[in-house]
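The values are calculated or read from the model by the stated rules, or taken from the named source; none is laboratory data. What you are looking at is a predicted structure, and each value in this text was computed from that prediction instead of being measured. Note that each Cβ is placed from the backbone with ideal geometry, even for glycine, and that neighbours are counted across all protein chains shown. Just the protein is used for accessible areas: all its heavy atoms, side chains included, with ligands, DNA and RNA removed. Shrake-Rupley method; radii C 1.70, N 1.55, O 1.52, S 1.80 Å.
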Amino acid sequence: MTRRPRGGGAAVLIGFMGAGKSSVGRVVARRLGAKFVDIDARIESAAGRSVREIFAAQGEGVFRDLEREAIRQAVSVPGRVLAAGGGAFCDAGNRALLKEYAPVVFLDASPETVIRRLSRDASRPLFPGEDRAERVRELMDRRRPFYEEADFAVSTDGLTVSEVAARVAVLLGNGTGRRR
Ligand code: S3P
């Protein structure tokens, strides 16, 4: 049976850091003629500092509070494509709000892909500096059960942003493909 979110959103993209949620979300939104909202960007503009600075100065707990608030605000406006940070969907309240808002698409990526995409990116406080392969795999394994609650999953390994966006658009458009 097809789940029909009642919040009137266009789509929610979730998945691990480096899965391409923001880049893909921007392209998907353009294809759908929808507005794109990056939850991390909303948090940064509300806080007046970067995610890395929030983690360093105030800690993860404060960041998660800001994230919950940014999600609550984002889902109050229909018609948008949202990209939520890698940890957002692990919170039960966020999960409920996002699922209620729009079809949720899990962008999947292997640990190798994530490490390759992020190895020169210093903006993510939870991306490990050492023992990367092991720690990324560990965190991903812990989060996967939540990510798998999405309506759709798209593997992004070896695909360009526009290829992933095209797959997402097909899934959203006609409901064929891998529906959970
Ligand atoms: C986080 C992922 C980041 C950002 C924050 C925490 C996480 O977003 O929300 O650094 O817990 O995985 P991206 O998934 O966009 O990197």
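Here the contact order of the stretch 73-153, divided by its residue count and restricted to Cα pairs under 8 Å and six or more residues apart, works out to 42 percent.
The dipole here belongs to the stretch 26-131: it is taken about the Cα centre, uses +1 on the Cβ of Lys and Arg and -1 on the Cβ of Asp and Glu, and is about 580 debye. Heavy atoms of the protein chains alone define the surface here; on that basis the stretch 55-180 has 49 Å² accessible area per residue at 1.4 Å probe size.
Convert 4 °C to kelvin, take the viscosity as 1.567 mPa s, use the Kirkwood radius over C-alpha pairs of the stretch 32-180 as Rh, and evaluate the Stokes-Einstein diffusion coefficient in µm²/s, rounded to a whole number. Estimated via Stokes-Einstein, D reaches 79 µm²/s.
Mean separation of Cα pairs under 8 Å and 6 or more residues apart, divided by the residue count, gives the stretch 1-116 a relative contact order of 50 percent. Considering only GLY85, VAL136, VAL51, and ranking their Cα positions along the charge dipole of the chain that arises from unit charges at the beta-carbon of Lys, Arg, Asp and Glu, the one farthest toward the positive end is GLY85. Which helices pass in the chain if a helix is a full DSSP H run, must span at least 15 angstrom along its long axis by Cα, and must have mean Kyte-Doolittle hydropathy not below -0.5? Passing helices, by number: 21-32, 161-174. Binning the alpha carbon pair distances of the stretch 40-87 at 10 angstrom intervals from zero yields the distribution 27, 56, 16, 1, expressed in whole percent. Think of the chain as having a plus end and a minus end, set by charges on the Cβ of Lys, Arg, Asp and Glu; of VAL28, ALA109, PHE16, VAL28 sits farthest toward the positive end of this dipole. When each of the peptides 96-104, 122-130, 153-161, 46-54 is scored by the mean number of other C-beta atoms lying within 10 Å of its residues, the order from highest to lowest reads 96-104, 153-161, 46-54, 122-130. When the solvent-accessible area of the chain is split by element, carbon and sulfur atoms take up 49 percent of it, the probe being 1.4 Å.
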